[in-house]
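Please read the structure below before turning to the comments.
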Amino acid sequence: MQTQDDTLATRLARWSTGTRYEDLPPAVLHQTRRAVLDYLGCTLRGADTPLAAAVRSYLDTADRGGEAAVIGTDRSLSPAGAAFANATAASVLELDDGHGQATIHPGATCISAVLAAAGAHGASDADIVVAITLAYELSSRLGIALCPAAGERGFHCSPAIGVLGAAFGASRTFGSDVRTTAHALGLAGSNAGGLFDYHGGWLDAWSINAGRATREGLLCASLAGHGVAGPLDIFEGPKGFGLAFAGPGFDAAGIGRGLGRDWLLLGTAVKIHPCCRRLHSVIDALLSLEDGSAVDPFAIDRIVVETTAESARLDRRRFENAAIAKMSIPYGAAATLVYGSPTLDHFEDEARRDPRIRHLVERVEVRTSDDPTISDPLGFAARVAVTAGGATRDATVITPIGDPARPVDDAMLIDKFRTLADPVIGSEAAREIVAATFALGEAGDNGKLVRLLGGKAR
């Protein structure tokens, strides 16, 4: 008979409380720092969007005061309020990181929770790094165990798992003991949720769910710290998290296999293009066809995109706003042919109204590929063929840029961050954040990054 001491939640909690900064391999430390920088760029720029402003407007009335910074603003809120605001801002641009195998976006939830908890708790830089690393690792493992089964059942894995990652990271930041951390996981799992009903165009819910999951995870860690109990068999219980979201195929034991040895967070990917990752191979393929000469969009007769069945669902011909355009393969292909490598501006109103875009969208044909090298349901591959003047050129991209197999180097990551952050906080402040992030956890000015993020007025 299973006891409270050998549930998965308890074993994970024991691993968390026993892991020290010195136990993390250099590659894992570097990956965590990269994740933080990527998150900060997305959050700083995302804070300048209408959705992030609407969330802050609500929180100004519902969550007054506090010591946790709302990144990209001069506000501070309670840790739960800041977690909600920052996670929403981090996810709204469709530029935050992702784990391809786990099919989740871990940064918005994990890092928002840890930084909000650290801002109020006064955690050391080393504790911040460890907490983020462990939150990413748990989220990655849960995603691999849960998806795609949970997605097929209609659940959105990012918030469903994000609440647990947030609770795990916040518990480590708070310095919770084994039992408190296990109860935080139990509370978080019992509050997990989020449906994948975004494809009708109601995409505000996508980012709001990231914010709400982060807030709930942090609250669960706080409540556990005040003695509130959660179900310790939350993962493997007969009516627990695993069976509810993934069904009988859920492998609870596999989540804890190789902890501290096999670091699955190293599979995290960086986004270069500000749109759904299922568009990235299409964009990369079209960019590879460029030969330096201008192409008249009106001379293009046909664009055929072959991709996976899941990606082919994004064959959308209407894009009333930027969020929907970022989930449209025809729009992504058209924007790339018109503007080159697409930026945030290329999904906004003026760009979408360009007559060249409409002309090209009407000539895009999206197919589910029967080529097994492209059709792998766990992949993001695409083959694109462009016909103009009777001549056809084609290109195939199996793995988009930013995937661990085609990594973005530090210079490219810094360039992405500076492109996003400089317009919000200025080049000097952005440079300081880059330096502080890559030194996070090292001996020196402890707490510098948290101080830099506080009181950042535009």
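Among the residues of the stretch 337-353, is any more than 26 Å from Arg418 (Cα to Cα), open to solvent by 10 Å² or more (accessible area, probe 1.4 Å), free of Cβ contacts under 8 Å to residues at least 40 places away in the same chain and not aliphatic (A, V, I, L, M)? Checked the stretch 337-353: at least one residue is more than 26 Å from Arg418 (Cα to Cα), open to solvent by 10 Å² or more (accessible area, probe 1.4 Å), free of Cβ contacts under 8 Å to residues at least 40 places away in the same chain and not aliphatic (A, V, I, L, M). The residue list Leu93, Leu51 contains one member that is more than 23 Å from Phe174 (Cα to Cα) and in contact with a Leu (Cβ under 7 Å, 6 or more places away or on another chain), which is Leu93. Could we say that Asp445 is open to solvent by 30 Å² or more (accessible area, probe 1.4 Å), of a type in the set (Asp, Glu) and part of a strand (DSSP E or B) here? Here the answer is no, as Asp445 does not meet what is asked. Going by the structure shown, is Val386 out of contact with any helix residue (DSSP H, G or I) (no Cβ under 6 Å at 6 or more places or on another chain), within 20 Å of Arg316 (Cβ to Cβ), at pLDDT 95 or above and not hydroxyl-bearing (Ser, Thr, Tyr)? So Val386 passes the test. Whether a residue is in contact with an Asp or Glu (Cβ under 9 Å, 6 or more places away or on another chain), at pLDDT below 95, of a type in the set (Phe, Trp, Tyr) and not in a strand (DSSP E or B) was assessed, and Phe319 does not pass this test. Ala385 fulfils the conditions (1) closer than 30 Å to Ala35 by Cβ; (2) in contact (Cβ under 8 Å) with a residue 40 or more places away in the chain except for a single criterion, (1). Apart from one condition, Arg64 fits all of (1) farther than 23 Å from Pro159 by Cα; (2) open to solvent by less than 40 Å² (accessible area, probe 1.4 Å); the exception is (2). Scanning the stretch 219-258 for residues that are of a type in the set (A, V, I, L, M) and over 23 Å from Ala150 (Cα atoms) yields a count of 6. Would you check if Asp38 is acidic (Asp, Glu) and either buried (at least 21 other Cβ atoms within 10 Å of the Cβ) or closer than 21 Å to Ala80 by Cβ (or both)? Answer is yes for this residue.
Restricted to helices (runs of 4 or more DSSP H) entirely inside the stretch 149-228, those with at least 1 residues that are closer than 30 Å to Ala309 by Cβ are 149-152, 157-174, 204-225. The single condition from (1) in contact with an Asp or Glu (Cβ under 7 Å, 6 or more places away or on another chain); (2) open to solvent by less than 10 Å² (accessible area, probe 1.4 Å); (3) farther than 12 Å from Cys110 by Cβ that Ala145 fails is (2).
Being surrounded by fewer than 19 Cβ atoms within 10 Å (Cβ to Cβ) and acidic (Asp, Glu) is the filter; apply it to the stretch 251-292 and report the residue that is farthest from Pro342 (Cα to Cα). So the residue we want is Asp251.
The values are calculated or read from the model by the stated rules, or taken from the named source; none is laboratory data. What you are looking at is a predicted structure, and each value in this text was computed from that prediction instead of being measured. A quick note on method: Cβ atoms are made from the backbone with ideal geometry, for glycine too, and the neighbour counts reach across all protein chains shown. We work out accessible area using only protein heavy atoms, side chains counted, and drop any ligands, DNA or RNA first. Shrake-Rupley method; radii C 1.70, N 1.55, O 1.52, S 1.80 Å.
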